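First the structure, in the form of structure tokens, and then the observations on it.
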Amino acid sequence: QSGFITLDRGFKNTGSTKSAITFLDGENGILRYRGYPIEQLAEKSTFLEVAYLLIYGELPSQPELDKFLQEIRIHTLVNEDMKKIFDGFPINAHPMGILSALVCSLTAFYPESVGDMNPEQEHLSIIRILAKMPTIAAWSYKNHMGHPVNYPKNRLDYCSNFLYMMFALPVEEYEVNPVIADAMNKLLILHADHEQNCSTSTVRLVGSSRASLYSSVSAGINALWGPLHGGANQEVIEMLESIKADGGNTNKYIEMAKNKASGFRLMGFGHRVYKNFDPRAKIIKKAADQVLTQLGIKDPVLDIAQQLEEAALHDEYFIERKLYPNVDFYSGIIYRALGIPTNMFTVMFALGRLPGWIAQWKEMRESKEPIGRPRQIYTGYTERNYLGIKERK
Ligand code: SDX
């Protein structure tokens, strides 16, 4: 404490806002979007219906949903000038870097999105970014592969359109596998919002200066990219691969994770809020089994993941710190089964989290939150006088 300021590093015990969007109970592993349990939404809903629920607060009627889908459908194209930006990236550019840059460039294409917009402009911003991000994401992958981009096909649903833009090649017909589209739909729903996590707090903070929705989301994409946050889903698969290459010796990695000096963490384990099983991890773990079976895929890293989970859940170090598998632990196994390359895993997380970022940004604007500007406890020099260069040591 210093004067009136309380220091709370990482905001572990600080509420930054009031919100009616997502309810999270870390002790009991509960997650609800606008009151609906994610278990029910993952089972019965579709990603764009959940996006509508998060952003507008209610499940849409059929006419409302039809209008929403139609509006998105007619905004899936990006300005052709964007291709010049894509072409500027080297072939080995990470898709997350391309995604954040191109999403931020939307502010340059639509400068009216900076400052306070009228309701029609705000609605158009929301539709545009929901419609264009899958196109930008798929094009980021094509840039990385050195393949020609695919333009969106508006007769396809959201997930099928993304898979088509990702994997279709001019040399052969591409048919979307409904099993893959369904699995993607479920994964996007499970990632859609998670109250005031690092990337969502970033979106709110940037948006609080009245920066555009696009710039705020671009900042969120960059925060999500960090290996401690959404970037963990790529790290998990790379960790499981190295355990497999190391003869499946899970105990060695458990011991390494317990030894701070190793600097190694069990990626996909632990959570700031969940001190019980992450409910999303439970659903994704079950879905991983189903999807691999439906696609007839045997992935040895799934067995390694299950062994690792088993070992950690019976180890004192993880038990006393309440470290359980989180959303990132099994999601990569499904993405891989769907043919999504590892460096696109966090892009998939961003696509899923987009409606949450939009909903939280919209709520922040509607509740007229002041510009975010925290204080600090100063630990630097007291006053001292300038020294000319000759007087310095
Ligand atoms: C996401 O916030 C959200 O909601 C995020 C998210 C979302 O939907 O938006 O749920 C998505 O980001 C999931 C988390 C993905 N990240 C990882 O899987 C990376 C590995 N996990 C850790 O880095 C860590 O658990 C965090 C970042 C998730 C949480 O960090 P905290 O809350 O700051 O906890 P901490 O670092 O203070 O750890 C507490 C203790 C420490 O040990 P002690 O100092 O008490 O001895 O647990 C240890 C840590 O060393 N610890 C781990 C560990 N995670 C925490 N030790 C080994 N392996 C781990 N994974």
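Annotations for the structure displayed:
- Rg/Rh (Cα only; Kirkwood hydrodynamic radius) as it applies to the chain: 0.99
- Expressed as a whole percent, the proportion of Cα-Cα pairs in the range 1-114 lying more than 23 Å apart is 60%.
- Dipole of the chain, positive end: most advanced residue of 346, 50, 256 [Cβ charges, Cα centre]: 256
- Across the range 165-270, the volume of the C-alpha convex hull divided among the residues equals 175 Å³ per residue.
- Three-way shape call for the range 262-357 based on the alpha-carbon gyration tensor, with the a/c threshold at 1.5: oblate
- R0 of 51 Å, Cβ-Cβ distance residue 389-residue 80: FRET efficiency to nearest 0.05: 0.45
- When the residues 83, 368 are ordered by accessible surface, computed with a 1.4 Å probe over the protein chains alone, the sequence from largest down reads 368, 83.
- Estimated at 0.36 nm per residue, the fully extended path between residue 169 and residue 157 surpasses their Cα-Cα distance by 2.4 nm.
- In the range 103-156, inverting the average of 1/r over every pair of distinct C-alpha atoms gives 12.7 Å as the Kirkwood radius.
- Förster radius 22 Å - calculated FRET efficiency between residue 182 and residue 58, Cβ distance, rounded to 0.05: 0.35
- The fraction of accessible area contributed by carbon and sulfur in the chain is 54 percent, rounded to a whole number (1.4 Å probe; ligands and nucleic acids excluded).
- Highest average first, the peptides 333-341, 70-78 ordered by how many other beta carbon atoms sit within 10 Å of their residues are 333-341, 70-78.
- Spin-label zone in the range 1-35 - amide nitrogen under 11 Å from a point set 7 Å from the Cα of residue 320 along the C-beta vector: none
- Relative packing of peptides 235-245, 249-259, 314-324, 342-352 - highest average C-beta neighbours within 10 Å first: 342-352, 235-245, 249-259, 314-324
- Gain on full stretching of the segment that runs from residue 123 to residue 5 - 0.36 nm per residue minus C-alpha separation: 38.6 nm
- Averaged over its residues, the range 123-238 has an accessible area of 34 Å² per residue, based on protein heavy atoms and a 1.4 Å probe.
- Estimated inter-spin distance, residue 116 and residue 39, nm [label 7 Å along Cα→Cβ]: 4.4
- Estimated dipole of the range 242-393 in Debye, rounded to 20 [Cβ of Lys and Arg +1, of Asp and Glu -1, Cα centre]: 800
- By the helix-only formula, in which each DSSP H run with n ≥ 4 contributes -39500 (n - 2.57) and the sum is divided by residues, the chain has a 222 nm mean residue ellipticity of -17000 deg cm²/dmol.
- For the pair residue 293 and residue 108 in one chain, pulling the backbone fully straight at 0.36 nm per residue adds 62.0 nm over the alpha carbon distance.
The values are calculated or read from the model by the stated rules, or taken from the named source; none is laboratory data. Since this is a predicted model, take the numbers as computed values, not measurements. Glycine gets a Cβ as well: all are built from the backbone with ideal geometry, and neighbour counts include every protein chain shown. Side chains are part of the model used for accessible areas, which takes the heavy atoms of the whole protein and leaves out ligands, DNA and RNA. Shrake-Rupley method; radii C 1.70, N 1.55, O 1.52, S 1.80 Å.
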